Amino acid sequence: MPLAAEVETMLSALASLDLPPIETLPVDQARASYEAFALIGTTSIEVGSVQDRSIPGPAGPLNVRVYRPDTATRTSPVLVWFHGGGFVIGDLNSADPTARALAAATDAVVVSVDYRLAPEARCPAAAEDCYAAACWVADHHDELGIDPQRLALGGDSAGGNLAAVAALKARAGHVPPVCFQLLVYPVTDATMSTPSYRDNAEGRLLTASTMRWFWHCYLGPNGDPRHPDASPLYGNLSGVAPTLIITAEFDPLRDEGEAYGAALAAAGVPATVSRYDGQVHGFFGTSSAFGPQAAAALDEAASALRNAFSS
């Protein structure tokens, strides 16, 4: 189907600005540009409390942001959330509207994680940080007021990759117990070899050129694109948590997200793949720029999380 009308309008407006591709900017400028763009048109939903904290990480302290909905109890479920941004950009602030919305819609505590970024910290640094954060959340369940048996992992784009990798590490070590994965247009295959990379290479927010830059920053010149720490599609997927994968029709990452869903199902993992036709990478969340499908996808994700937490 064609692009959603709201998306077409947004992309035309962006094209008229003639902005430089993000991969041509110095990393610090790319990060500042992304944070400003990520918050355009978003709605900041009120929750019961928001607390910034520092926790131990594999290479030093990690910053996390803890969202407690008004309905939180001493044994609330918890979603550990990992932001997107190609392993290079993004932070707690760019993830803030989505984390708030998920906390409010699921009645779950959301812990958003500020993992190390590339190229300063290359693969598997981000994955190690995210797994360590998930373990910390489970270990500190009394302090956080959460039920460690109702712990889900989630993220968008690169954050979806990190959630998937953390779930594989959790499965291997049986810690923490993960009840569900929410993977939103996840990065799962660093080979960049799918048809959707060719079909959606240019002009629709995320480009193939930008993804090549992200992978260059994260893997470096000698990284293995098929290592499961980078590409969970090539890992042993048996026994990982049930999963919802959300994809967008006009996204270079569409096919690898859907391939990951098929691989999970082949490994005996309950997996649902939900494609949003007419949409592009980045549509999930609270921004009005993508039209009503953004809210619909968030509702679908919240419903799946509530079901997982109640089963």
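The values are calculated or read from the model by the stated rules, or taken from the named source; none is laboratory data. From a predicted model like this one, the values you see are computed outputs, not experimental measurements. Heads up, the Cβs are rebuilt from the backbone with ideal geometry, glycines too, and the neighbour counts pull from every protein chain shown.
Could you run through the stretch 233-285 and say how many residues are touching a residue at least 40 places away in the same chain (Cβ under 8 Å), of a type in the set (S, T, N, Q) and in contact with a Leu (Cβ under 7 Å, 6 or more places away or on another chain)? Number of matching residues: 1. Does the stretch 247-256 include one or more residues that are of a type outside the set (Val, Ile, Thr), in contact with a strand residue (DSSP E or B) (Cβ under 9 Å, 6 or more places away or on another chain) and over 21 Å from Asp189 (Cα atoms)? No, the stretch 247-256 contains no residue that is of a type outside the set (Val, Ile, Thr), in contact with a strand residue (DSSP E or B) (Cβ under 9 Å, 6 or more places away or on another chain) and over 21 Å from Asp189 (Cα atoms).
Out of Arg198, Arg116, Arg226, report the one residue that is within 19 Å of the chain's Cα centre (by Cα) and of a type in the set (Lys, Arg). Step by step, each of Arg198, Arg116, Arg226 is checked, and only Arg116 is within 19 Å of the chain's Cα centre (by Cα) and of a type in the set (Lys, Arg).
Restricted to the stretch 172-185, and to residues that are outside any loop (DSSP other than H, G, I, E, B) and more than 19 Å from the chain's Cα centre (by Cα), which residue is farthest from Asp139 (Cα to Cα)? That would be Ala172. Against the conditions (1) assigned to a loop (DSSP other than H, G, I, E, B); (2) more than 16 Å from Gly159 (Cα to Cα), Ala30 satisfies every one except (1). In the stretch 32-55, the residue that is modelled with the highest pLDDT out of those that are closer than 22 Å to Val280 by Cα and hydrophobic (A, V, I, L, M, F, W, C) is Ala32. Would you point out which residue out of Ala308, Ala267 is within 19 Å of the chain's Cα centre (by Cα) and either surrounded by fewer than 23 Cβ atoms within 10 Å (Cβ to Cβ) or not basic (Lys, Arg) (or both)? Selected residue: Ala308, the only one of Ala308, Ala267 that is within 19 Å of the chain's Cα centre (by Cα) and either surrounded by fewer than 23 Cβ atoms within 10 Å (Cβ to Cβ) or not basic (Lys, Arg) (or both). Listed by first and then second residue, the pairs with beta-carbon distance under 9 Å, at least 6 apart or on different chains, first residue in the stretch 87-112 and in contact (Cβ under 8 Å) with a residue 12 or more places away in the chain and closer than 19 Å to Ala304 by Cβ, second assigned to a loop (DSSP other than H, G, I, E, B) and among the acidic types (Asp, Glu), are Arg100/Glu46; Ala104/Glu46; Ala104/Asp70; Asp107/Asp70. Scanning the stretch 124-141 for residues that are crowded, with 24+ Cβ neighbours inside 10 Å and either free of Cβ contacts under 8 Å to residues at least 12 places away in the same chain or closer than 19 Å to Arg226 by Cα (or both) yields Ala126, Ala127.
Contact annotation: residue pairs with Cβ atoms under 6 Å, 6 or more positions apart or on different chains, pairing a residue in the stretch 186-208 that is outside any loop (DSSP other than H, G, I, E, B) and surrounded by fewer than 21 Cβ atoms within 10 Å (Cβ to Cβ) with a partner that is among the aromatic types (Phe, Trp, Tyr) and modelled with pLDDT of 95 or more, are Ala208/Tyr197.
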